[in-house]
Amino acid sequence: MKRRVTKAIFPVAGLGTRFLPATKSIPKEIMTLVDRPLIQYAIDEARAAGIKEFIFVTSRGKGALEDYFDHAPILESALRKKGKKDLLECLKATNMDSGAIAYIRQHRALGLGHAVWCARRLIANEPFAVILPDDVIAAEKPCLQQMVEAYRETGGCMVAAMEVPPEAASSYGVLDVKEDMGSMVRVNSMVEKPAPGEAPSNLAVIGRYILSPNVLQNLNRLKSGAGGEIQLTDAIADEIKSGRDVYGYRFRGQRFDCGSKAGFLQATVAFGLAHAELRDEFGEYLREMVSIPHAAQ
Ligand code: UTP
């Protein structure tokens, strides 16, 4: 099996209920972290990892997401006339090559596993990445790039893993660790959203995966799991039952859960403070806010 990963699936068909009413008309992935939509962070990370084909699993109401990747000739020519070179460059960096993007519909939100399965015909028989755009990862070397490099050595399946406090484990897929090799662990089994107190470890799976095409076959057979949804975790765990290797990769970086309001706000603060244009003014504002704790109330 080849170990070059050139295709990535971006499952963006979820309902985004935690951001209602905003997500009534705006896809969650279009929501803006400082000055870029969440999906742009995911695309940039995929490109850095060598991804050439970008497969979006979308659903009703996600038109704005598809439009975002269209070129914008009128806007570009207006910026050109005004001599706004920086903005023009910034816009051009979002352009995608013709034929590099595919959109597949998930007709019902039956779960992440089902969303990935919807893209099966575009993957065929090669390893592929899955990126959940609502997990934003700030890292010196982009997370998927770290994983692609590690995967060249291991093959199999690889999931991004992160230590979480025990009380948070029931919100994640959790790894049962067979062998701890430091930056990587070999996995014994995986449990999606374990009941409180029943998590096999504090190592949780977050939204970056490199998967063998076998996982798509496992998904063919899967019935719904935790929460009544078809779970990607269960299809990956089936690989272990078939005697194949699954690894958890402890990435270097900080992950923000931009699928939740608190996580999105934390990311906004962190990325705002890291932004060259905003750093000073925003940093000053935050310092004032902290010294007057109730100013915003
Ligand atoms: P979430 O669990 O965050 O669900 O999905 P959600 O619908 O996006 O948001 P909430 O919980 O209602 O607020 C994790 C990822 O899986 C995708 C989502 O789009 C998100 O990227 N997903 C989930 C699908 O594509 N299809 C599904 O059926 C479920």
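The values are calculated or read from the model by the stated rules, or taken from the named source; none is laboratory data. None of these values were measured; they are calculated from a predicted model. FYI the Cβ positions are ideal-geometry reconstructions off the backbone, even for glycines, and counts take in every protein chain you see. Calculation scope for accessible area: heavy atoms of the full protein, side chains included, ligands and nucleic acids excluded. Shrake-Rupley method; radii C 1.70, N 1.55, O 1.52, S 1.80 Å.
Okay, here's what the table says:
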| item | result |
| --- | --- |
| Relative contact order [Cα under 8 Å, 6+ residues apart], the chain, whole percent | 22 |
| Per-residue [θ]222 nm for the chain (sum of -39500 (n - 2.57) over DSSP H runs n ≥ 4, rounded to 500) | -10000 deg cm²/dmol |
| Within the chain, percent of DSSP bridges classed antiparallel, to nearest 5 | 60 |
| The stretch 9-128: C-alpha gyration tensor shape, a/c 1.5 cut-off, then a/b vs b/c | oblate |
| Label zone at residue 281, where the point sits 7 Å out along the Cα-to-Cβ direction: the stretch 20-34 residues whose backbone N lies under 19 Å | 32-34 |
| Pair residue 102, residue 126: separation of 7 Å Cα→Cβ label points (nm) | 1.1 |
| Solvent exposure of the chain as accessible area per residue, Å², 1.4 Å probe | 52 |
| Between the stretch 184-212 and the stretch 105-159, the alpha-carbon center distance in angstrom | 15 |
| The stretch 195-286 - percent of accessible surface contributed by carbon and sulfur, probe 1.4 Å | 50 |
| Those lysines that a straight Cα-Cα span of less than 29 Å connects to residue 62, excepting residues fewer than 8 apart in one chain | 7, 24, 28, 52, 92, 193, 223, 261 |
| From phi via Karplus (6.51, -1.76, 1.60), per-residue ³J(HN,Hα) for the stretch 14-21 in Hz, x at Gly/Pro | x, 7, x, 5, 5, 10, 5, x |
| Calculated from backbone phi, Karplus (6.51, -1.76, 1.60) coupling profile of the stretch 116-121 in Hz, x at Gly/Pro | 5, 4, 4, 8, 4, 6 |
| The chain: DSSP helices with Cα axial extent of at least 27 Å and average Kyte-Doolittle hydropathy no lower than 0.0 | none |
| Listed residues 14, 77, 243: farthest to the positive end of the dipole of the chain (Cβ charges) | 77 |
| Choice from 22, 78, 274 with maximal GNM fluctuation in the chain (Cα, 10 Å cutoff) | 78 |
| Qualifying trypsin sites (Lys or Arg not before Pro) for the stretch 210-262 [loop in DSSP, other Cβ within 10 Å: at most 10] | 223 |
| Efficiency of FRET between residue 149 and residue 180 - r from beta-carbon atoms, R0 30 angstrom, step 0.05 | 0.95 |
